[in-house]
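The values are calculated or read from the model by the stated rules, or taken from the named source; none is laboratory data. Quick caveat: nothing in here was measured; it's all calculated off a predicted structure. Backbone-built Cβ (ideal geometry, glycine too); neighbour counts: all protein chains shown.
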Amino acid sequence: MKARYRSLFISDCHLGSNGAQAEQLARILKHIECENIYLVGDIIDMWRLRQRWYWPDSHNTVLRRLLKMSHRGTRITYVPGNHDEAARQFCGLVFGGIRIAMDAVHETADGRRLLVTHGDKFDLVVQNSRLLSVAGAVGYEVLLKINRWYNGARKMVGLPYYSLSQAIKARVKSACTFISNFEQALVAEAQRGGFHGVVCGHIHKAETRSLHGIEYLNCGDWVESCTMLVEHEGGAIELIDGLDWLAAHDAAKAMRDESGDDSRELNASARDDADDSEEEDPWFEAGIAFTANPLFVGAAK
């Protein structure tokens, strides 16, 4: 049985980089249904793809499932970020049923208007020093590699996952100041536009809180935290840990397996697996042709 939400917001998947948790994201997409999906930037890491092509099957599966959901009626809006900024030249167009927009406005079921934007426009480093921004991205990737080795060792001795980058962000004063300024800038932009809140990504720090009466909603990322925002049928927005969600789903499935009450889900899962194995899928091929296009992946000046 699939989980039903009104809307799903995800950002910073960084498909095309070896840090992307694509397999877990693909599993999430397989087991949910929703009316709206917002891809809030840095979905494809074109910076990394321009340096070295890295695109395993799990990254294809994420695109395939998004395109399938679009084909089946889910409205999908792609708001490019700085790592996939080359897609901004296609704003206003629709590819494989996915609409590309510089920013978006989402109205919740209870009537609140939310500005949906990646957030890099409010990052002074990205806006004023591209070289420093790229250097920071490279440094972050090195930190992720160290983090994988570190957590591999922790797992061997029975210790839980520990994010070095999140720890650094929490302890370094300049990082805390940057995050605070980023949040304040986005809230001010939402206030100027008369919005009730803002949905963003970019800084890889999931957060839901109210600032000056405005909802600040950061999706987090699918590199480390594996978080997403969901809107329930009544309009409430919830931040969900994707790995915890999958663990709960697997536990519930195991219980149904034991009770023998899982035939409908097995049939639905078999259909989805068959869909994923289709080699000639026009929706999937349209998406791959789009993302592989040199104009799309090519360097943005």
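Can you say whether Glu280 is more than 24 Å from Ile10 (Cα to Cα), in a loop (DSSP other than H, G, I, E, B) and modelled with pLDDT under 85, as far as the supplied structure shows? So Glu280 fits the description; yes.
Scoring Glu35 on the criteria (1) of a type outside the set (Gly, Ala, Ser); (2) at pLDDT 95 or above; (3) within 21 Å of Arg88 (Cα to Cα) leaves a single failure, condition (3). If the condition is being surrounded by 14 or more Cβ atoms within 10 Å (Cβ to Cβ), at pLDDT below 95 and not in a helix (DSSP H, G or I), then the stretch 114-141 contributes Gly119, Asp123. Of the residues making up the stretch 6-26, just one is in a strand (DSSP E or B) and surrounded by fewer than 21 Cβ atoms within 10 Å (Cβ to Cβ), namely Arg6.
Does Thr227 meet the test of being within 16 Å of Thr108 (Cβ to Cβ) and within 16 Å of the chain's Cα centre (by Cα)? No. Looking at Gly111, is it in contact with a strand residue (DSSP E or B) (Cβ under 9 Å, 6 or more places away or on another chain), in a loop (DSSP other than H, G, I, E, B), surrounded by fewer than 19 Cβ atoms within 10 Å (Cβ to Cβ) and not aliphatic (A, V, I, L, M)? Against the criterion (in contact with a strand residue (DSSP E or B) (Cβ under 9 Å, 6 or more places away or on another chain), in a loop (DSSP other than H, G, I, E, B), surrounded by fewer than 19 Cβ atoms within 10 Å (Cβ to Cβ) and not aliphatic (A, V, I, L, M)), Gly111 does not qualify. Restricting attention to the stretch 37-90, which residues are free of Cβ contacts under 8 Å to residues at least 60 places away in the same chain, part of a helix (DSSP H, G or I) and in contact with a helix residue (DSSP H, G or I) (Cβ under 8 Å, 6 or more places away or on another chain)? Residues satisfying the conditions are Ser58, His59, Val62, Met69. Pairs meeting the criteria (first residue in the stretch 241-262 and within 17 Å of Lys2 (Cβ to Cβ), second residue of a type in the set (Phe, Trp, Tyr), beta carbons under 9 Å, at least 6 apart or on different chains) are Gly242/Trp222.
Does Ala236 satisfy the condition of being on the phi < 0 side of the Ramachandran plot, at pLDDT below 95 and surrounded by fewer than 20 Cβ atoms within 10 Å (Cβ to Cβ)? When the stated conditions are applied, Ala236 does not pass them. Annotation note: Cβ proximity below 8 Å between a residue of the stretch 186-203 that is free of Cβ contacts under 8 Å to residues at least 60 places away in the same chain and a residue that is buried (at least 24 other Cβ atoms within 10 Å of the Cβ) and among the β-branched types (Val, Ile, Thr) (sequence gap 6+ or interchain) occurs for Val187/Val198.
To keep it simple, each residue is scored yes or no on (1) within 18 Å of the chain's Cα centre (by Cα); (2) farther than 30 Å from Arg148 by Cα; (3) hydrophobic (A, V, I, L, M, F, W, C).
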| residue | (1), (2), (3) |
| --- | --- |
| Ala185 | no, yes, yes |
| Ala190 | no, yes, yes |
| Lys205 | yes, no, no |
| Leu217 | yes, no, yes |
| Glu231 | yes, yes, no |
| Ala236 | no, yes, yes |
| Trp245 | yes, no, yes |
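In the stretch 96-112 there is at least one residue that is aliphatic (A, V, I, L, M), at pLDDT 95 or above and over 20 Å from Gly73 (Cβ atoms). Just one of (1) surrounded by fewer than 23 Cβ atoms within 10 Å (Cβ to Cβ); (2) modelled with pLDDT under 95; (3) not hydrophobic (A, V, I, L, M, F, W, C) fails for Lys30. It is (2). Can you find even one residue in the stretch 43-53 that is over 22 Å from Cys200 (Cα atoms), surrounded by fewer than 24 Cβ atoms within 10 Å (Cβ to Cβ) and of a type in the set (A, V, I, L, M)? Yes, the stretch 43-53 contains a residue that is over 22 Å from Cys200 (Cα atoms), surrounded by fewer than 24 Cβ atoms within 10 Å (Cβ to Cβ) and of a type in the set (A, V, I, L, M).
Screening the stretch 178-218 for residues that are touching a His at 6+ places or on another chain (Cβ under 9 Å) and under 27 Å from Leu25 (Cα atoms) and picking the one that is surrounded by the most Cβ atoms within 10 Å (Cβ to Cβ) gives Gly201.
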